[in-house]
1. Which of the GluC sites (Glu not before Pro) across segment 7-45 are loop residues per DSSP, with 15 or fewer other Cβ within 10 Å?
2. At q = 0.20, 0.25, 0.28 Å⁻¹, what base-10 log of I(q)/I(0) does the Debye formula yield for segment 3-77 when every alpha carbon is treated as an equal point scatterer in vacuo?
3. Can you compute 3J(HN,Hα) from phi for each residue in segment 5-11, using the Karplus curve 6.51 cos²θ - 1.76 cosθ + 1.60 with θ = phi - 60°, rounded to whole Hz and x for Gly and Pro?
4. Against the longest principal axis of the chain, how steep is helix 28-44, in degrees 0 to 90 to the nearest 10, with axes from Cα atoms?
5. Are there trypsin sites (Lys or Arg not before Pro) in segment 1-47 that DSSP marks as loop and that have at most 12 other Cβ atoms within 10 Å, and which are they?
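Each value in this text was obtained by applying a stated rule to the coordinates, not by laboratory testing. Quick caveat, the model's predicted, so the values are computed rather than measured. Using ideal geometry, Cβ is built from the backbone for each residue, glycine included, and neighbour counts are taken over all protein chains shown.
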Amino acid sequence: MTDPELRAQSFEIAWTYLDRSGLLTGEHRESARFILNRIDRMMLRGERRRLLLSNAAIDAYRLRPGTREAECVNKLVG
């Protein structure tokens, strides 16, 4: 699988999960950029496991600043 295919498949998995779970909020273009940025950064570090890329992007999106999940984690940790 080529890097562009891996990137696209990882994005599709993350996007579909977030969309179906109702977690996609705000501007879709910004959300897509956020998810792709996370996937790209991991791929630049050498990660090539599709599910790890998509799951990490999902977790990062859920825990981005200003979300309810991030606030809950902050209360528990700090």
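1. Working: sites: GLU12, GLU27, GLU30; in loops: GLU27.
Loop-located and lightly packed - GLU27.
2. -0.81, -1.13, -1.29
3. Coupling constants for segment 5-11: 5, 4, 4, 5, 5, 5, 4 Hz.
4. The answer is roughly 60 degrees.
5. Numbers: sites: ARG7, ARG20, ARG29, ARG33, ARG38, ARG41, ARG45; in loops: ARG45.
Here the trypsin sites (Lys or Arg not before Pro) that fit, given the DSSP loop and packing criteria, are ARG45.
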